[in-house]
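The values are calculated or read from the model by the stated rules, or taken from the named source; none is laboratory data. In this text the structure is predicted, and so the values were computed from the model without any measurement. Every residue, glycine as well, gets a Cβ built from its backbone with ideal geometry; the counts of neighbours run over all protein chains shown. Accessible surface is based on the protein model in full, side chains and every heavy atom, while ligands, DNA and RNA are left aside. Shrake-Rupley method; radii C 1.70, N 1.55, O 1.52, S 1.80 Å.
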Amino acid sequence: DGSSSSGGPQPLPSKETVELHCGFRRFPGRPAFSQHVQKHSQDKFKYERFMHPGTTCVASLYAPTIFTPSPALMFRMTQDGESRLCAWGSVMAANPNRLLIKRIVLTGYPFRVHKTKAVVRYMFFDPDDVKWFKPVELHTKKGLRGHISEPLGTHGYMKCRFSSRLDQSDTVCMYLYKRVFPKWYPPSWGGDATKGPADHHD
């Protein structure tokens, strides 16, 4: 894991191939970016799809062990085939327990509303999906909380109950979280790019 500050003119996508100079090592890598928190006690950090210019984030990748403190430079290849400095920072730690969490938001819209009860549509399109996600809590953009009562019909409609009266113009959201891993990229340590983590070497 390394802390990086972006200085490039364009956003750098997560898991894009870049060249890293960390201490005395130089190697290609495909880092996954995550939120940088100065003082933290948690082990879960929000996954970032891009490193935007002028921001600070943490780049995580599989690479040879590098001890701290080591300066780090990140270069990306231009269309002309030249390496251009896009970020700089330092090596934080070799921490396999850092969790990168990606948040996905599913949205639905009230179809019929009666006080705190509502029929919500367009979040799911199959009653089996409604049953699968029934334990997950619902939120609305206007601050209400609720839960799924039961599926309705065969097209993904569902009956829901909320903490207060629901507005017809409100939007119902369901937040889902998934752990994201850095891209497996053997060239970072001199390996074969066609080999996966499950491949055994003789």
For the stretch 19-75, the dipole about the Cα centre with charges only on Cβ (Lys and Arg +1, Asp and Glu -1), to the nearest 20 debye, works out at 60
For the stretch 141-202 the mean separation of alpha carbon contacts under 8 Å (6+ apart) over residue count, i.e. relative contact order in percent, is 23
Once the in-chain neighbours fewer than 8 apart are removed, the aspartates and glutamates whose Cα is under 16 Å from K159 read D126, D128, D129, E137, E150, D167, D170
Given unit charges at Cβ for Lys, Arg (+) and Asp, Glu (-), the dipole magnitude of the stretch 102-155 about its Cα centre in debye, nearest 20, is 380
Restricted to the chain, the DSSP antiparallel beta bridge percent, nearest 5, is 95
Both in Å, the radius of gyration and Dmax of the C-alpha trace of the chain are 22.4, 67
About its Cα centre, the chain carries a charge dipole, from +1 on Lys and Arg Cβ atoms and -1 on Asp and Glu Cβ atoms, whose size in debye to the nearest 20 is 1040
Which of K142/K183; K102/K141; K44/K115; K134/K178; K46/K141; K15/K141 exceed 29 Å between C-alpha atoms? The answer is K142/K183; K44/K115; K15/K141
Here the net charge surrounding T78, from other residues whose Cβ is less than 14 Å away from its Cβ (Lys, Arg +1; Asp, Glu -1), is -2
One finds the C-alpha centres of the stretch 115-131 and the stretch 37-108 to be spaced, in Å, by 37
Counting only protein heavy atoms with a 1.4 Å probe and every protein chain in place, the carbon and sulfur fraction of the accessible surface of the chain in whole percent equals 51
Kirkwood-based Rg/Rh on the Cα set of the stretch 80-188 evaluates to 1.23
Heavy-atom accessible area per residue of the chain, all protein chains kept, 1.4 Å probe, expressed in Å², is 63
For the stretch 144-202, the charge dipole (Cβ of Lys, Arg +1; Cβ of Asp, Glu -1; about the Cα centre) points to a positive end, and the Cα of W189, C160, Y175 closest to that extreme belongs to C160
So the compactness index of the stretch 146-195, its C-alpha Rg divided by 2.2 N^0.38 Å, takes the value 2.25
Summing -39500 (n - 2.57) over every DSSP H run of at least 4 in the chain, dividing by its residue total and rounding to the nearest 500, the 222 nm mean residue ellipticity is -500 deg cm²/dmol
